[in-house]
Structure formats: structure tokens, C-alpha cells
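Visitor: Okay, here's the structure, questions in a sec.
The values are calculated or read from the model by the stated rules, or taken from the named source; none is laboratory data. Source: prediction; values computed, not measured. Positions of Cβ are generated from backbone atoms using ideal geometry, with glycine treated the same way; all protein chains shown enter the neighbour counts.
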Amino acid sequence: MARPNEIKWDVVVIGAGAAGLLAAARCAELGCRTLLLEKNRKPGVKILMSGGTRCNLTHNTDAAGIMQAFGRKGRFLRTALQMLGPQDVVELFRQEGVTTKVEETGKIFPESDRALDVQQALLARLRRSEAVLRLDTSVTGIEKSELGFVIRTTDSVIHADNLIVSTGGASYPGCGTTGDGYAWLRTLGHKIVHPRPSLVPLTTREPWVAELSGVTLPDVMVRVMPRNFWPTDHDPPTRLAALRKKSIDERRGSVLFTHFGLSGPSILDVSRSVTAQSDMTSVDIALDLLPDRSFDELDEWWRKVCTEHGSRSIARMLGELVPQRLAEALLKLEHLPPDLRGAELTKPARRSLICRLKALCVPVSGTRGFAKAEVTAGGVSLDEVDPRTMQSKIVPGLYVIGEILDLDGWIGGFNFQSAFSTAWLAAESIHASRSSE
Ligand SMILES: Cc1cc2nc3c(=O)[nH]c(=O)nc-3n(C[C@H](O)[C@H](O)[C@H](O)COP(=O)(O)OP(=O)(O)OC[C@H]3O[C@@H](n4cnc5c(N)ncnc54)[C@H](O)[C@@H]3O)c2cc1C
């Protein structure tokens, strides 16, 4: 039978990830008797594996730059970022002895390149705060009574005045994030926007993509397009203009071909727009392999090279623009023999090939799912959480923070920033509401 817990806590925090660790530490620092519950034997498991075990803890930008990474919903983070912006996060870790460095991409990592240092810094702050951390404790349900919250774990019943839910999303379920919080909050009356994978590699059934496995392109414009978007009856430049107009989402950056499909930062960043479709097979990915060069510039370049070096094979010419393996795949898709001489390339064939370079189409068959998604899109509807406090608009005393919210950002440290900022704001809000009682 479940043991009742005699203490009534000022605050119970469920989930010791990035958000929960900081929220619990801050609540305790502000004088609240705080209990942090975690189902794993170790806190901050995702921190340890993040950024390839280097932990990209935030991004070198301002509040507006962080909000932009979350799309339309980013505005929800305004107050949270005013309370704790990216530079505040850098300073917070510096105070714990973790100095950071900014990489070329704007990503911020600990100088040591050790995610462990980030986790240890949060734990050190938590210990100093005197919040109580209970590991290996899985919460099975929560209820609201007139006297506060009743939190049930596998072996105890805990009471609290305020409750912070920071159980994360549903991605990488092996880390403990099995989406438990969604069901509890739904029972308490919250709307849950259907959770779906985000920052996830995309799959395709095209065999030529698998054959390119291992090819990396550092600078590609990736566009999510409605399936069969090509207006076939137009000339290539008109078709490319239509492409830009009909794009559902786009992001520029590196792309990696894999045995299952496409990966790399820009693919992961647009994946949320793919999983947002009711039928993922209704979209194509169009890759602009040479985003800095217009169709006309490339046409001019080809004409010149073909005139000056007419005896050169087109495979060799194309190899000057893209990696050789990709060049050969493109020629196959265009039904052009690789040993065709430049002088033999007809104008329509040249223009069609350039069009392929500017919009290499990969039909999507799906994603690698929650098992390989770095974050979860969807979650607790933002309409029902007050962005000025992180308090539920439905259940007073309930606070919702971190990835369980219907917020997901680009790759680059944005998701940890959101977790830290919402955590800080919730703790400050609880303190403010207790002080005004
Ligand atoms: C492989 C990988 C790499 C990543 N790299 C980065 C990166 O470099 N930079 C970045 O910004 N983001 C990164 N992310 C995303 C980032 O890890 C998350 O957005 C962030 O951890 C969310 O923090 P959170 O505290 O909301 O949730 P989480 O960190 O997921 O923590 C939730 C916690 O709640 C616990 N929990 C769940 N259910 C229960 C229950 N019933 N009872 C008790 N406890 C429970 C879980 O065990 C977990 O410890 C990465 C994610 C993955 C999977």
C-alpha cells in the first residue's frame, strides 16, 4: 500500500531534467520547501547525452533570436527570456565553474566539451539550495484537492501546495521520457496538442538516396514542398520560382545522406513541418544544392565550360559543383551517360540538369520516429498556460515547464534555453505568489 508522506511540501517538481533541476534549485533558493522527483536512478540523463555528449546549452543570440527558433509560438517565451536570457544562462553556468565557448554556428558549449559538467553544475546548485532530490521514484498520477496537490508514486503519496510538471516530451523514451505528464494534465482538464517527433531524420524509399549514404553537403537550402509540386509545363526558371512560392518550410545548412534517407541539421530543423502533415507521404524535400548561385548563373557557367572544354565529360564538370558520387547520381536521374562530352550536352538537357541541382526532389516516406527524435513537437497547449508565470490557467498552483509544453525549437541550444527560462520563470512566479499571500 502507498505510504502517506507526512510533510506537505511548498513545491513538488516532477522530472529532474534540465527544466526540473533548475526549477527545484531556484524554488528552494527562494525559500520554498521543495521536493524533486525523478523516475531514473540518475538525474539529467538527456543533458548527459545531448550535443553528442558535449551539451549545446544555449545559443549566441538575444531573446528575439531564441523566439524565432520556435516559429509562431516563440512569442510565448517572451517573459521567460526576459527573466533568464541566453547570456544569463552562460553566466549561471560560469558561476558554477562551467565556462563556455561559442562555436562558428552560434552554438554554445562548455569549454570542456563535457555534458557531464553541465549536469554536475545543476546538481551542485540543487544541493546548495537544499531542495530534496528523490531518484528512482516514478510518479503514477496527480490529483488536485481543496488542500493542494496529491502526487502518487509507486510507493508513496505526497502532498504539495504547488506542483511543477517538467516530465519532458515523448522522444528518446529510453531516457525516461515516456510522455507520462500528458495523461495527468489531460485528466486535470488541459488540452494536449498531439505529440509528434521533431528534430528527427527523414526516411525515403528512393534507392539512389541510400546509395549516397555518407555524402555530406555543408550548405544546402532545404525546402518542404507539397508532393508533386512541379508545374511540369513550365520552363525551368518558372518552375524554380513556383518552388519558392509553394514552400511549406525552409532552412539552410548541412545535409547528410544516410542508408534510410536524409539527416543533418537543416533536415532536422524542417522535420517538424513534415510531421505536422496528416500524411507525411504528401510532402517532398527539395534540395537546392547550390543556394548561392542562380539558375541563370549556372546556365552561363555550363555554357562557358562546355564551349571551352567541350571534350570534357559532363560527370567531371558536374564534379566541380558537387561531390563526385552525387554528380553521378544526378546524371543517372537525368538519364544522361556520365561520359557524355560537354559539347554533346543539348540545351534542354543542360537546363534540366541545372534545374535538378537547384531542386533535387526526395519524396518523404516518414521519419525515424520518437526513438530518434531529439525533441517532441506538440504537448500542453500554450493557450492554457500563462506565459507571464508558467502557471496553468485551468488549475491554480500547477506550473508547466520545459519540453512538455507545445514548443519545439531548432537545433542549436534553443531547447535547453527554453527549458531553463521557463523553469526560472515558474520558480520566481511561485515565490511571488507566496510572498503576496
Ligand atoms: C540525443 C539528444 C540530444 C540533444 N541535444 C540537445 C542539445 O545539444 N541542445 C539542446 O538545446 N537540446 C538538446 N536536446 C533536447 C533537450 O535534451 C530537451 O529539449 C531538454 O532535455 C528538455 O528538458 P526538460 O527538462 O523539459 O525534459 P527532460 O530533460 O526530458 O527531463 C524530463 C525528466 O522527467 C522524468 N520523468 C518523466 N516521467 C516521469 C515520471 N512519471 N516520474 C518521475 N520522473 C519522470 C524523466 O525521466 C526525465 O528525467 C537533445 C535531445 C536528445 C534526445
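Each row is one residue, and each column tells you yes or no for (1) of a type in the set (Phe, Trp, Tyr); (2) closer than 30 Å to LEU199 by Cβ; (3) modelled with pLDDT under 95.
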{"position": "THR275", "(1), (2), (3)": "no, yes, no"}
{"position": "SER278", "(1), (2), (3)": "no, yes, yes"}
{"position": "SER282", "(1), (2), (3)": "no, yes, yes"}
{"position": "ASP292", "(1), (2), (3)": "no, yes, no"}
{"position": "ARG303", "(1), (2), (3)": "no, no, yes"}
{"position": "THR307", "(1), (2), (3)": "no, no, yes"}
{"position": "ARG312", "(1), (2), (3)": "no, no, yes"}
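Visitor: Going through the range 131-146 one residue at a time, which ones are free of Cβ contacts under 8 Å to residues at least 40 places away in the same chain and outside any strand (DSSP E or B)?
Guide: GLU146
Visitor: Let me ask something additional. For the range 375-388, give me each residue that is surrounded by fewer than 21 Cβ atoms within 10 Å (Cβ to Cβ) and in contact (Cβ under 8 Å) with a residue 60 or more places away in the chain. Outline the logic, then answer.
Guide: From the range 375-388, those surrounded by fewer than 21 Cβ atoms within 10 Å (Cβ to Cβ) are 381-384, 386-388; that's our starting set.
Correct list: SER381, LEU382, ASP383, GLU384, PRO387, ARG388.
Visitor: Pairs only if they're at least six apart or on different chains, beta carbon under 7 angstrom, first in the range 197-225 and at positive phi and at pLDDT 95 or above, second surrounded by fewer than 23 Cβ atoms within 10 Å (Cβ to Cβ) and of a type in the set (Ser, Thr, Tyr); list them, first residue then second.
Guide: Short answer, once both residue conditions are applied: none.
Visitor: Limited to the range 30-55, what total is found for residues that are over 26 Å from ILE108 (Cα atoms) and more than 7 Å from the ligand (Cβ to nearest atom)?
Guide: Residues in the range 30-55 being over 26 Å from ILE108 (Cα atoms) and more than 7 Å from the ligand (Cβ to nearest atom): 8 in total.
Visitor: Go through the range 215-316 and tell me which strands (runs of 3 or more DSSP E), entirely inside it, have 2 or more residues that are surrounded by 14 or more Cβ atoms within 10 Å (Cβ to Cβ) and in the same structural domain as PHE70 (by TED's automatic domain parsing).
Guide: Once the strands (runs of 3 or more DSSP E) in the range 215-316 are filtered for at least 2 residues that are surrounded by 14 or more Cβ atoms within 10 Å (Cβ to Cβ) and in the same structural domain as PHE70 (by TED's automatic domain parsing), nothing remains.
Visitor: How many of the residues making up the range 11-25 are near the ligand (Cβ under 6 Å from one of its atoms) and in contact with a Phe, Trp or Tyr (Cβ under 6 Å, 6 or more places away or on another chain)?
Guide: 1
Visitor: Can I ask one more? When the residues of the range 151-181 are filtered to those that are charged (D, E, K, R) and outside any strand (DSSP E or B), which remaining residue is nearest to the ligand (Cβ to nearest atom)?
Guide: Checking each candidate, the answer is ASP180.
Yes or no, residue by residue, for (1) out of contact with any helix residue (DSSP H, G or I) (no Cβ under 9 Å at 6 or more places or on another chain); (2) under 24 Å from THR178 (Cα atoms); (3) exposed (fewer than 14 other Cβ atoms within 10 Å of the Cβ):
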position: GLN119; (1), (2), (3): no, yes, no
position: LEU122; (1), (2), (3): no, yes, no
position: ARG127; (1), (2), (3): no, no, yes
position: GLU130; (1), (2), (3): no, no, yes
position: ARG134; (1), (2), (3): yes, yes, no
position: VAL139; (1), (2), (3): no, yes, no
position: ILE142; (1), (2), (3): no, yes, no
position: SER145; (1), (2), (3): yes, no, yes
position: PHE149; (1), (2), (3): yes, yes, no
